[in-house]
Amino acid sequence: QLLSWLVAPSALSSLTLCIFMLLSPPAPSQASTAKDNALKGMCDGPVKKDLRFGVGPDWEMANTICCHNTKYAEPSGYFNTNRVKLFSRFSVDEKSHTFYDSVCGIPLFQAPIGRSLGDWMAESMEHGWPSFRDAEVVKQNVVVMSDGEVKSACGTHLGHNLPDGKGNRYCIDLVCIAGMPAMGDGLSMEPRK
């Protein structure tokens with residue numbers, strides 16, 4: 001009876017399927033694929049059109065900087081131009097603000113953490129780009145390459161890590177962190193404590 005099961009066409013196709021499943025590598029998880037994309041320098045897609053902080057009209061610049069680039073940045077001081085005025089968008093009563101990937105919407109940075117809004121603003125103004133510290137990084141979603149380039153787990157170019165006397169300083173392009181929060185991606189978007 002075992003022999004007839006082995007040679008029956010339906011049993012043969014089931015057996016073949018079982019062997020195929022046993023020998024096939026598991027499908028990569030979405031998270032590991034995203035980390036691989038970051039390492040390969042690929043965005044998961046184009047920058048979304050619905051960007052926050054008034055950067056939407058500069059979508060072409062955002063798409064070029066975030067998805068087709070590894071070393072260039074938005075103009076110095078862009079975050080403080082008349083249309084954007086990033087820091088005027090935050091209340092001094094607000095404890096922190098979360099910044100999301102402009103391509104895939106995952107949370108990347110939350111600031112200020114461990115410093116005042118004034119200190120965060122002064123450091124960013126001094127350097128010309130929004131500057132984040134280690135405590136402000138959503139570490140599971142940010143990849144720092146060996147050359148200092150900073151990317152999201154979705155492969156989006158974010159800027160560069162330029163350490164100084166205080167530690168790591170992530171000098172980030174606002175157009176790449178102006179995304180809307182992703183819904184239903186299974187990632188927590190609650191502020192970190």
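The values are calculated or read from the model by the stated rules, or taken from the named source; none is laboratory data. Predicted, not measured: the structure shown is a model, and the values here were computed from it. Heads up, the Cβs are rebuilt from the backbone with ideal geometry, glycines too, and the neighbour counts pull from every protein chain shown. All accessible areas refer to the heavy atoms of the entire protein, side chains included, with ligands and DNA or RNA removed. Shrake-Rupley method; radii C 1.70, N 1.55, O 1.52, S 1.80 Å.
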In this structure, is Leu12 of a type outside the set (S, T, N, Q), closer than 21 Å to Met183 by Cα and either outside any loop (DSSP other than H, G, I, E, B) or at pLDDT 60 or above (or both)? no
Are any residues in segment 68-116 touching a strand residue (DSSP E or B) at 6+ places or on another chain (Cβ under 8 Å), open to solvent by less than 30 Å² (accessible area, probe 1.4 Å) and β-branched (Val, Ile, Thr), and if so, which ones? Thr98, Val103, Ile106
Checking Thr33 against (1) modelled with pLDDT of 70 or more; (2) in a helix (DSSP H, G or I); (3) within 24 Å of Val142 (Cα to Cα), only one condition comes out false. Which one? (1)
State all residues of segment 146-170 that are over 19 Å from Glu74 (Cβ atoms) and either in contact with a Lys or Arg (Cβ under 8 Å, 6 or more places away or on another chain) or basic (Lys, Arg) (or both); if no residue qualifies, say none. Ala153, Pro163, Lys166, Gly167, Asn168
Give the residue that is nearest to the chain's Cα centre (by Cα), with candidates limited to residues of segment 140-159 that are assigned to a strand (DSSP E or B) and in contact (Cβ under 8 Å) with a residue 60 or more places away in the chain. Ser152
Being part of a helix (DSSP H, G or I) and more than 15 Å from the chain's Cα centre (by Cα) narrows it down to one residue among Ser124, Ser91; which is it? Ser124
Of residues in segment 119-139 being without any contact (Cβ under 8 Å) to a residue 24 or more places away in the chain and small (Gly, Ala, Ser), the one nearest to Gly167 (Cα to Cα): Ala135
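Looking at segment 135-150, which of the residues that are out of contact with any Gly (no Cβ under 6 Å at 6 or more places or on another chain) and farther than 15 Å from Cys176 by Cβ is surrounded by the fewest Cβ atoms within 10 Å (Cβ to Cβ)?
It comes out as Ser146.
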